[in-house]
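*Asks:* Mind looking over this structure? Questions follow.
The values are calculated or read from the model by the stated rules, or taken from the named source; none is laboratory data. Worth saying up front: this structure is predicted, and the values here are computed from it rather than measured. Cβ coordinates were reconstructed from backbone atoms using ideal geometry, including for glycine residues, and neighbour counts include every protein chain displayed.
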Ligand code: DGI
Ligand code: FE
Ligand code: FE
């Protein structure tokens, strides 16, 4: 773990204290687990460990803001007013990354972008975007049907894991009769071939062993 974050000009202890002031204890523990998982994925897929740490520890920083605060921030940051028709699930990433930027003076676009798209993904995800998106889904505290399959996919293929997560999220949201943010569908469409490709490779591999 890092003792000091140069870009923030603060120690890890100070950073953790600042985060704890803003989120519930259980949310804070989740953010620590996502950080650890993101670092593991960065090691596995040759990503930047420092960025994985920062993105992981900060990704849900805005999660406990009130709806009223988000609506004000959308105006303050001059974001598309259409965003106002969504809710916390979409806002804490799509608006929250700018709150991280403001509160910490963070200027690292790689990290900020990963936070921006950590819930809904996007068509063309950078390595760190995929690492955070998947780490958030598979961190060890998660327990829902399909999480073990997601963990297995993430051992081998980040693209396949991104597609699987987008697919399961869409299934879940439609079952709950919830609206799907269009960017979530774009992520699914863009990464689905990655899941097919991975599964074909896997079945070829099994055939060649038989
Ligand atoms: O913030 P976390 O709970 O750690 O995880 P997250 O940022 O991936 O958010 C997950 C929640 O967001 C989950 O309740 C489903 C919801 N969500 C994800 N994509 C969409 C969405 N909600 C709506 N309405 N539309 C989406 O496209
Ligand atoms: Fe989140
Ligand atoms: Fe999260």
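*Asks:* Please go through the range 138-150 and pick out each residue that is in contact (Cβ under 8 Å) with a residue 60 or more places away in the chain and assigned to a helix (DSSP H, G or I).
*Replies:* Result: 138, single match.
*Asks:* Quick check on the range 79-99: of everything there that is more than 18 Å from residue 31 (Cα to Cα) and near ligand 1 (Cβ under 10 Å from one of its atoms), which residue is surrounded by the fewest Cβ atoms within 10 Å (Cβ to Cβ)?
*Replies:* 87
*Asks:* Could you check the range 84-127 and list, in sequence order, the residues that are more than 16 Å from ligand 3 (Cβ to nearest atom) and under 14 Å from residue 184 (Cα atoms)?
*Replies:* 86, 122, 123, 124, 125
*Asks:* What's the total number of residues in the range 10-39 that are in contact with a helix residue (DSSP H, G or I) (Cβ under 9 Å, 6 or more places away or on another chain) and over 22 Å from residue 136 (Cα atoms)?
*Replies:* Of the residues in the range 10-39, 1 are in contact with a helix residue (DSSP H, G or I) (Cβ under 9 Å, 6 or more places away or on another chain) and over 22 Å from residue 136 (Cα atoms).
*Asks:* If you scan the range 1-20, which residues turn out to be part of a strand (DSSP E or B) and either in contact (Cβ under 8 Å) with a residue 40 or more places away in the chain or surrounded by 15 or more Cβ atoms within 10 Å (Cβ to Cβ) (or both)? Before you say what the answer is, go through the steps one by one.
*Replies:* Initial filter on the range 1-20 (part of a strand (DSSP E or B)): 4-5, 10-11.
Residues satisfying the conditions are 5, 10.
*Asks:* Let me ask something else. Tell me yes or no: at least one residue of the range 186-207 is under 13 Å from the mean Cα position of the chain (by Cα), closer than 25 Å to residue 53 by Cβ, in a helix (DSSP H, G or I) and more than 15 Å from ligand 3 (Cβ to nearest atom).
*Replies:* Checked the range 186-207: at least one residue is under 13 Å from the mean Cα position of the chain (by Cα), closer than 25 Å to residue 53 by Cβ, in a helix (DSSP H, G or I) and more than 15 Å from ligand 3 (Cβ to nearest atom).
*Asks:* Do we find a residue being surrounded by fewer than 23 Cβ atoms within 10 Å (Cβ to Cβ), more than 20 Å from residue 180 (Cβ to Cβ) and touching a helix residue (DSSP H, G or I) at 6+ places or on another chain (Cβ under 7 Å) anywhere in the range 111-118?
*Replies:* Scanning the range 111-118, I find at least one residue that is surrounded by fewer than 23 Cβ atoms within 10 Å (Cβ to Cβ), more than 20 Å from residue 180 (Cβ to Cβ) and touching a helix residue (DSSP H, G or I) at 6+ places or on another chain (Cβ under 7 Å), so the answer is yes.
*Asks:* Give the residues of the range 31-61 that are surrounded by 19 or more Cβ atoms within 10 Å (Cβ to Cβ), over 12 Å from the mean Cα position of the chain (by Cα) and without any contact (Cβ under 8 Å) to a residue 40 or more places away in the chain, sorted by residue number.
*Replies:* 39
Conditions tested, residue by residue: (1) part of a loop (DSSP other than H, G, I, E, B); (2) within 18 Å of residue 53 (Cα to Cα); (3) at pLDDT 95 or above.
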{"position": "106", "(1), (2), (3)": "yes, yes, yes"}
{"position": "113", "(1), (2), (3)": "no, yes, yes"}
{"position": "132", "(1), (2), (3)": "no, yes, yes"}
{"position": "152", "(1), (2), (3)": "no, no, yes"}
{"position": "160", "(1), (2), (3)": "no, no, yes"}
{"position": "166", "(1), (2), (3)": "no, no, yes"}
{"position": "174", "(1), (2), (3)": "no, no, yes"}
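*Asks:* A further question on this structure: Among the candidates 150, 163, 135, single out the residue that is buried (at least 24 other Cβ atoms within 10 Å of the Cβ), in contact with a helix residue (DSSP H, G or I) (Cβ under 8 Å, 6 or more places away or on another chain) and over 29 Å from residue 4 (Cα atoms).
*Replies:* 163
*Asks:* State all residues of the range 117-130 that are more than 13 Å from ligand 1 (Cβ to nearest atom) and part of a loop (DSSP other than H, G, I, E, B); if no residue qualifies, say none. Step through it out loud before you land on a result.
*Replies:* The initial filter retains those residues of the range 117-130 that are more than 13 Å from ligand 1 (Cβ to nearest atom), namely 123-128, 130.
Passing the criteria: 123, 124, 125, 126.
*Asks:* A further question follows. Just to check your reading of the model, which residue among 110, 102 is more than 14 Å from ligand 1 (Cβ to nearest atom), more than 12 Å from the chain's Cα centre (by Cα) and free of Cβ contacts under 8 Å to residues at least 24 places away in the same chain?
*Replies:* 102
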